[in-house]
Amino acid sequence: MPRCIPIKEIKNTTEFARIVEESPEPVIVTRNGREAFAAMSIELLDAMRMERARAELYRLLDEAEEASRDGRVVDARDSIKRTRDRYGL
């Protein structure tokens, strides 16, 4: 469960940074009892970015496999030749 901290308690930035860096989840900062923003460690941010990139890669692979099954493919040599012809390469 994410940790929630009232905004008035982040005046001690050193302590707040320690809490964020040690938390396995984003730390939710509240204002007037409502969620205002979240803070997270760089490690957690990098892990989330990697997870998003991995999900996008799997989506693209699924799309490519579907195109292949449906016959929506072209020979690589033909594709390269058409690209070269189109752009005068």
If I ask for residues that are touching a Lys or Arg at 6+ places or on another chain (Cβ under 8 Å) and either part of a strand (DSSP E or B) or exposed (fewer than 11 other Cβ atoms within 10 Å of the Cβ) (or both), which ones from segment 2-31 would you list? P6, V27, I28
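Check D78, D85, D46 and return the single one that is in a helix (DSSP H, G or I), without any contact (Cβ under 8 Å) to a residue 40 or more places away in the chain and surrounded by 10 or more Cβ atoms within 10 Å (Cβ to Cβ).
Numbers: D78 fails: surrounded by 10 or more Cβ atoms within 10 Å (Cβ to Cβ); D85 fails: surrounded by 10 or more Cβ atoms within 10 Å (Cβ to Cβ).
Only one candidate qualifies: D46.
Residues that are surrounded by fewer than 10 Cβ atoms within 10 Å (Cβ to Cβ) and not polar (S, T, N, Q): does segment 32-39 have at least one? Break it down stepwise before answering.
Within segment 32-39, the first condition is being surrounded by fewer than 10 Cβ atoms within 10 Å (Cβ to Cβ), and the residues that meet it are 32-34.
Checking which are not polar (S, T, N, Q) leaves us with 33-34.
Looking through segment 32-39, at least one residue is surrounded by fewer than 10 Cβ atoms within 10 Å (Cβ to Cβ) and not polar (S, T, N, Q).
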What is the number of the single condition among (1) without any contact (Cβ under 8 Å) to a residue 12 or more places away in the chain; (2) not in a helix (DSSP H, G or I) that A36 does not meet? (1)
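Taken together, the values in this text are just the output of simple stated rules run on the coordinates, not laboratory data. Note that the structure is a prediction, hence the values are computed from the model and not measured. Virtual Cβ from ideal backbone geometry, glycine too; neighbours counted across all protein chains shown.
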